[in-house]
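Only one structure is covered here, and it is reproduced in the block below.
The values are calculated or read from the model by the stated rules, or taken from the named source; none is laboratory data. Since the model is a prediction, treat every value here as computed from it, not as a measurement. Cβ sites come from the backbone with ideal geometry, for glycine too, and all protein chains shown count toward neighbours.
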Amino acid sequence: MNSGTELQPIPPAPLEMTAVLRQIADASDMAMLASVLDEIVTRLLPATRVDVFTGIDQSERLVLTCGEQSGASPLAVRGLPVFLAWLQRCGYDATATVPLTVAGRHQGRLVLARRCARMPREMLEIAEQIAPAIGLRLFSDQLLAELAEREDRLKTAEQRLHDVEEVRLRATLAAGAAHDVGNLFASVLGHAQLLQQEAPPALQGDLKTIEQAARDGHHLLRRMLSTRATAAPSGVTASLALLPTIVHDALRLTQPFWELRRSVTVKIALAPVPPVRGHPADLREVLVNLILNGVAAMPEGGTLTVRTYSSGERAVVEISDTGSGIAPAHQAAIFQPLVTSRDSGIGLGLSVSRALIESYGGTLSVASTPGHGATFSVSLPVARGADVIPEPPSVLRCAAP
């Protein structure tokens, strides 16, 4: 349209401008602000499109459009130069920007656009009068958003602090409980040693097993109270461990669990292997866990096979069951903490066992085909310069493989 037919702004009276500014300040949210500005622009800035941008430079984004809108707004506008170019392509030849600043803090820009050759000075003056109120409104929204974000961060920090304090309290209680349990183990150990002095030969083997279980329990408690759950207790160093002996120890410790279940048959095949370096109590803990898992995997009965063999510079213990097996998708997950397939488990046995074996430079792995059982393999590096240790005489009632 030509300049003779252009709609010109009507400068508002001071009282009217005061009312306009109050309307902007009273807008409760962006939707209300858009409605208020649309009415103001239609009345004071006729035939003008007004857009509100927030942010700085390339982070500027379009948040509000009002007034003359014959062209739709582009989606996800980022950066004022891109938007101004889009306005020109839509036929808005006259454009102007007014900064939205509050207390020296840049909030965004007010963009005016008209389909004419120039932007009237009167319109810029009106825009400059309402810009501070719009900027203050945006600043208020930004402060509220920042306050909400800080409150969320504070709540998160408070929750983390509460969790830390709770863990610290539990650790203190656990340390006290471990001390008391240690006293119980000491009592069991002492009574087992006293009984060995008077018990007949037929009971000596069982009493030695009880004594060993008490010693292993005491070692476990000391390890729990160390810096890491899988670290050796203070003052305890790894020694040479004889895997066939460790296997027999673990089978003796678990004997009540599988011998009383007549449907479970245990077979052993212990080939001579060199000794490995590791604390016997830790290795017994791992094998006991694997044996109990194997027995639990066969609720209807089956065969548990334990064997040892050498593989290059490594000594290997394999524990196989004839249970239902483990799905391939779950074989990696079972070594993660708190992952279990049993209703009664908490999912820590295999994760702790793997960590213990890895602390001695070994590996703990599983091979399984669903419906055909599972085989867990413990592989440890042999101690350098160590000789092959023959299989110790068996005191267990196990079947040959």
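Pairing each residue of the stretch 356-367 that is closer than 10 Å to F335 by Cβ with any residue that is crowded, with 16+ Cβ neighbours inside 10 Å and of a type outside the set (G, A, S), provided the two are 6+ apart or on different chains, yields C-beta distances under 6 Å for L364/R354; L364/I357; L364/V378; V366/F376. Please pick out the residue among L144, L136 that is part of a helix (DSSP H, G or I) and either in contact (Cβ under 8 Å) with a residue 60 or more places away in the chain or on the phi > 0 side of the Ramachandran plot (or both). Only one candidate qualifies: L136. Scan the stretch 294-306 for residues that are crowded, with 24+ Cβ neighbours inside 10 Å and either assigned to a helix (DSSP H, G or I) or not aliphatic (A, V, I, L, M) (or both) and the total you get is 1. State whether the residues of the stretch 307-330 include one that is modelled with pLDDT of 90 or more and aromatic (F, W, Y). Scanning the stretch 307-330 turns up at least one residue that is modelled with pLDDT of 90 or more and aromatic (F, W, Y). When A315 is tested against (1) surrounded by fewer than 19 Cβ atoms within 10 Å (Cβ to Cβ); (2) of a type in the set (G, A, S); (3) in contact (Cβ under 8 Å) with a residue 40 or more places away in the chain, just one condition goes unmet, and that condition is (1). Every listed requirement among (1) aliphatic (A, V, I, L, M); (2) modelled with pLDDT under 75; (3) within 15 Å of I126 (Cβ to Cβ) is met by I56 save one, (3). Look at the stretch 114-125: where a residue is more than 15 Å from P46 (Cβ to Cβ) and a partner is polar (S, T, N, Q) and not in a strand (DSSP E or B), sitting 6+ places away or on another chain with Cβ atoms under 8 Å, you get A117/S3. Taking the stretch 185-217 as the range and being under 21 Å from N289 (Cβ atoms) and at pLDDT below 70 as the test, only F185 passes. Scanning the stretch 240-249 for any residue that is exposed (fewer than 15 other Cβ atoms within 10 Å of the Cβ), within 37 Å of the chain's Cα centre (by Cα) and either at pLDDT 65 or above or farther than 15 Å from L356 by Cβ (or both) turns up nothing.
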